[in-house]
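As structure tokens, the structure follows; a few thoughts come after it.
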């Protein structure tokens, strides 16, 4: 709430405070945001003030009738003798009586969820949903922040959207050496979309996925994505696999106003700095570095050693660890980069051993390097807690007995096989792709999560899913959880999606969950 108030003050200084409700009959694309209990609201990005804020009465949200009706071009007339309000738009006439739960819409009686009432200074308060929807508006309620979003039907044609279908693009490696990852990733995504389509789609629209086989090669990704946008006119690009391809098309999609939702990559550049149309999901390396430190401090392991690969991922992990130290405390007692060609970790481990560190973070995406580093640490008798990033869930296979007691982060929790979300995932995935290898489930999970997040945003965008509507719908996510996707958050300046992870530890050769979710999202 403090952040919202601060936003209000900033915009007020930039634009000035405007009291009253601007009429906008000529403008058909309107977007209104209200906050319960606050008398300022946002209309098409501009901050305005009303004299009677939205409020909740007996579980129903009430707003001043003129705010909604006149903002979206309707006329409001008050009959003081009959105590009735008449609202007229181009196609709709609504008549309601103060204190009554009955109203008429084009002559037909409709029952309101609650009766309208008058609030000082003479403002008629009505339940927002039924009134708005009777005027052909889309309403979404975000309960955690108590935000109300109201949108009008767009007068322009939305790319990729018809009355019966929404067309999106997606890309992954369906051939070549990395198809072992790309095929189950795509199948997990398409399985969830098939499941939604078989239930009738979203607001009666089926989702049509155009899939490109980019072979994990950005030289193939770029023309494929340009074809999506310039020839196929897709609504959005969803579930792109691989850092090289995602980075190669990220700016192009953002500059063309095409939402890009879920990238199969943890590189921080996708989310930092935030880009309006790009929504990452997988934990990025900067956030994961902070999570490492937060978990260490929570367990009173205050002295941290860090060795990291001298590449983009390693340096982002290093930035995250240093940021975590600044935010959560502790001390970085030793740090050193190592080249991607490193074969001998002896010197790094001896310095770590003598540093007084409680924890050793080994930040590399290379399975071979991490396995070698862990084996060296154990052979030299290090007793520091060892942390590895989430790509190393297979460390027990890589390092053998040396992996015992090593900690690894996770972002999709499969610790309870009886969890309804996990069971639903398997039933959907294997229903549509029964020949897939169950051992590739981790890649299918990623695709499934991409589908979950896109569909939830599409539902929130309402019956008029413009591209910008999808953006603000995603920005309403605040700790949202689906079947497998957990604790997903975005905001006007937040694009990371996943700010929380949990820790697992190798115990008797098996990864065992040993923590709850550890979040580094700054709460509003």
State the number of residues belonging to the range 471-487 that are in contact (Cβ under 8 Å) with a residue 40 or more places away in the chain, more than 14 Å from residue 142 (Cα to Cα) and within 11 Å of the chain's Cα centre (by Cα). 3
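Looking only at the range 212-228, count how many residues are closer than 24 Å to residue 458 by Cα and in contact with a helix residue (DSSP H, G or I) (Cβ under 6 Å, 6 or more places away or on another chain). It would help to see each step written out before you state the result.
Residues of the range 212-228 that are closer than 24 Å to residue 458 by Cα, as a first pass: 212, 224-228.
Still in the running and in contact with a helix residue (DSSP H, G or I) (Cβ under 6 Å, 6 or more places away or on another chain): 212, 225.
Here the count works out to 2.
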Among (1) within 19 Å of residue 303 (Cβ to Cβ); (2) touching a strand residue (DSSP E or B) at 6+ places or on another chain (Cβ under 8 Å); (3) not in a helix (DSSP H, G or I), which single condition is residue 351 missing? (3)
I'd like to verify a number: residues in the range 141-158 that are in contact with a helix residue (DSSP H, G or I) (Cβ under 8 Å, 6 or more places away or on another chain) and crowded, with 19+ Cβ neighbours inside 10 Å, how many? 4
Looking at the range 314-330, is at least one residue at negative phi and assigned to a strand (DSSP E or B)? no
Residue within the range 282-300 that is assigned by TED's automatic domain parsing to the domain that holds residue 515, more than 27 Å from the chain's Cα centre (by Cα), in contact (Cβ under 8 Å) with a residue 12 or more places away in the chain and under 18 Å from residue 392 (Cα atoms) present: no
Residue check for residue 380: without any contact (Cβ under 8 Å) to a residue 40 or more places away in the chain and touching a strand residue (DSSP E or B) at 6+ places or on another chain (Cβ under 9 Å): no
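Does the range 102-114 hold any residues that are closer than 15 Å to residue 130 by Cα and more than 38 Å from the chain's Cα centre (by Cα), and which are they?
In the first step, residues of the range 102-114 are kept if they are closer than 15 Å to residue 130 by Cα; the result is 102-106, 108-114.
Within the range 102-114, 102, 103, 104, 106, 108, 109 meet the criteria.
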Considering only the range 141-154, how many residues are part of a loop (DSSP other than H, G, I, E, B), within 22 Å of the chain's Cα centre (by Cα) and in contact (Cβ under 8 Å) with a residue 24 or more places away in the chain? 3
When restricted to 446, 373, 457, the only residue modelled with pLDDT of 90 or more and closer than 22 Å to residue 184 by Cα is 446
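Using the structure shown, decide if residue 34 is outside any strand (DSSP E or B) and either in the same structural domain as residue 132 (by TED's automatic domain parsing) or at pLDDT 90 or above (or both). Let's see the steps before the verdict.
Working: outside any strand (DSSP E or B): no; either in the same structural domain as residue 132 (by TED's automatic domain parsing) or at pLDDT 90 or above (or both): yes.
Considered against the rule, which asks whether it is outside any strand (DSSP E or B) and either in the same structural domain as residue 132 (by TED's automatic domain parsing) or at pLDDT 90 or above (or both), residue 34 comes out as no.
Does residue 405 qualify as being under 35 Å from the mean Cα position of the chain (by Cα) and on the phi > 0 side of the Ramachandran plot? Don't jump to the end; show me each part of the working.
Details: under 35 Å from the mean Cα position of the chain (by Cα): yes; on the phi > 0 side of the Ramachandran plot: yes.
Answer is yes for this residue.
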Residue ID - nearest to residue 326 (Cα to Cα), chosen from residues in the range 286-298 that are surrounded by fewer than 24 Cβ atoms within 10 Å (Cβ to Cβ) and touching a strand residue (DSSP E or B) at 6+ places or on another chain (Cβ under 8 Å): 294
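Looking at the range 120-132 only, could you name the residues that are surrounded by 15 or more Cβ atoms within 10 Å (Cβ to Cβ) and either over 17 Å from residue 77 (Cα atoms) or free of Cβ contacts under 8 Å to residues at least 40 places away in the same chain (or both)? Reasoning before the result, please.
As a first pass, look at the range 120-132 and keep what is surrounded by 15 or more Cβ atoms within 10 Å (Cβ to Cβ): 123-132.
Scanning the range 120-132 gives 127, 128, 129, 130.
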Within the range 349-370, how many residues turn out to be more than 23 Å from residue 324 (Cβ to Cβ), in contact with a helix residue (DSSP H, G or I) (Cβ under 7 Å, 6 or more places away or on another chain) and at pLDDT 95 or above? 0
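Which residue out of 157, 230, 211 is free of Cβ contacts under 8 Å to residues at least 24 places away in the same chain and in the same structural domain as residue 431 (by TED's automatic domain parsing)?
Working: 157 fails: in the same structural domain as residue 431 (by TED's automatic domain parsing); 211 fails: free of Cβ contacts under 8 Å to residues at least 24 places away in the same chain.
On inspection, the qualifying residue turns out to be 230.
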When only residues in the range 233-272 that are surrounded by fewer than 23 Cβ atoms within 10 Å (Cβ to Cβ) and in contact (Cβ under 8 Å) with a residue 60 or more places away in the chain count, which is nearest to residue 496 (Cα to Cα)? 272
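The values are calculated or read from the model by the stated rules, or taken from the named source; none is laboratory data. If you're wondering where the values come from, they're calculated on a predicted model, not measured in any experiment. We place every Cβ from the backbone using ideal geometry, glycine too, and count neighbours over all the protein chains shown.
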